[in-house]
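In what follows, a structure is listed as structure tokens, so that the remarks can point back to it.
Read the figures in this text as sums done on the coordinates, not as results from a lab. Every value quoted in this text rests on a predicted model; they were computed, and no experiment measured them. Cβ placement follows ideal geometry from the backbone for every residue including glycine, while neighbour counts extend to all protein chains displayed.
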Amino acid sequence: MTTFESLGLSKELLRAVESEGYTTPTPVQVQSIPPLLEGRDVLGVAQTGTGKTAAFALPVLQIMSRSRPQGKRHIRALILSPTRELAAQIDERFSAYSEHIDIRHKVIFGGVSQNPQVKALEKGLDILVATPGRLLDLINQGHVDISRVEFFVLDEADRMLDMGFIRDIKKVLNILPNRRQNLLFSATMPASIADLAGSFLNNSIMIDVSPEEITVDRIEQKIMFIRSVDKRRLLVKIIKDENVKRGIVFTRTKHGANRLVKQLDQSKINAAAIHGNKSQGARTKALAGFKKGDIPILVATDIASRGIDVEGITHVFNYELPNEPEVYVHRIGRTARAGRSGIAYGFCDNSESGYLVGIQQLIDYEIPVDAKHEFHFAAAIPKPGQKPGKMKENKSSKKKQNNQKNSRNNTTSKPRSDSNRPKRGDSGGGRSNDRRSSGQNSSRGSNNR
Ligand code: AMP
């Protein structure tokens, strides 16, 4: 069995890892740490929850502590992250791992005053964790100098592109010095990421910790077919029946998240919303209450939830199924972190059955159906041969729905037969295929440089 010692980590880092309670390295750590220590570039297909922060932070810290440049500290490592929450968490991990090393690090992100960030920068830093907008702002104002960066980490690259950061990333790449070690982590590997990776990684090693394995192995999943109007009651029932102490509920919209928090409150369930419209203070407060256990339920939209790393999340509720299948994998990855198990409930109404088809196609797994609840609604079950994607609701289907209203509890769900089940690689939803083929391209591209 691989140990942290056998990966070649220094005794200072081994002490830090031990005090974090890590006994064995995770697969992404086993695969990334040795090549990074050798100075190689790494392209990692891994999502948050796999231990990827330590996979890059430990070797970066080790190499940096081998030599300490004379004079005032300057930024030697730059980590770009798409969201404030994730950036803050990475910085917090650097605190833990650098406990026995003389390294100064800081996180900067938008939505808060820049003054304390500027003060910290003026004192001198070794490692800067940043979101792209605030980083460029402070570079433009002359407060940040990245001209001597030795390590550049682009984290959650796919989310960066989804959030429209590509131009910012290119601007940063243009300012960075040519000689440096690069790391790119992404949960998925579509062609756009492969292109980006090919544009700045040199002779990189590609590591693939596929999200499907994480999804299927440790997380119990259930699908419940239901009318949209009944979702709230089902949610309240499960939270109360299962005495949920730490759960995340995902909604598609910010407005939906706010409304649900109010409704849960009416049912005497303490919940807080976390989404992009909330101020940084409100988000930090909600997350702190959730971490402490004062707030048992966090209602989140996808972007805000990226990188939420709270231990002991036992329940994930897909209150609304995501229209992007990969998002489902990210969401349920909030539970079952670092070797624990958890349960993920998916509430599927009749407008979302196509989303369910896409999700099951991606994870190559037919999620077990729980039809034993009082709100079971058979009309939401995907039809044989149904295509992935949103179902169009037309007048006749609405009429059908109404007719079916009375048959609510008389129906049982039938799992789809194997012949109806789309296989991985079928056209229409083959994202995992996408990932694989473009991954190959990407390593080719990067090796060519
Ligand atoms: P990350 O994917 O970096 O967000 O890490 C997910 C969680 O796993 C964090 O809470 C880490 O503290 C934890 N973790 C990272 N590496 C290990 C390990 N080798 N053993 C146990 N937990 C770990």
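Tabulated data
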read-out	value
Full-extension gain in nm, residue 323 to residue 19, via 0.36 nm per residue minus C-alpha separation	105.4 nm
Alpha-carbon centroid distance for the pair region 315-377 / region 151-176, whole angstrom	30 Å
Links that overshoot a 21 Å alpha carbon limit, given the list 11/292; 240/268; 237/262; 245/292	11/292
Proximal aspartates and glutamates relative to residue 387, as straight alpha-carbon distance under 12 Å, when same-chain residues fewer than 8 apart are discounted	352, 426
Residue-span extension gain [residue 148 to residue 229] - 0.36 nm each, minus C-alpha spacing	23.5 nm
Positive-end residue, region 213-380 charge dipole about Cα centroid, Cβ charges, pick of 277, 379, 363	277
C-alpha center-to-center spacing [region 247-263, region 53-67] in angstrom	39 Å
Qualifying trypsin sites (Lys or Arg not before Pro) in region 21-125, DSSP loop, other Cβ atoms within 10 Å at most 16	72, 73, 104
Nitroxide proxy distance, nm - points 7 Å out along Cα→Cβ at residue 220 and residue 372	1.1 nm
3J(HN,Hα) from dihedral phi, region 152-158, Karplus parametrisation 6.51/-1.76/1.60, rounded to Hz, x for glycine, proline	10, 10, 10, 9, 6, 4, 5
Full-stretch length increase - residue 1, residue 285 - with 0.36 nm per residue and alpha-carbon distance subtracted	98.2 nm
Relative contact order %, region 68-127, counting alpha carbon pairs below 8 Å whose residues are six or more apart	50 percent
Label-point separation in nm, residue 292 to residue 179, each point 7 Å along Cα→Cβ	5.0 nm
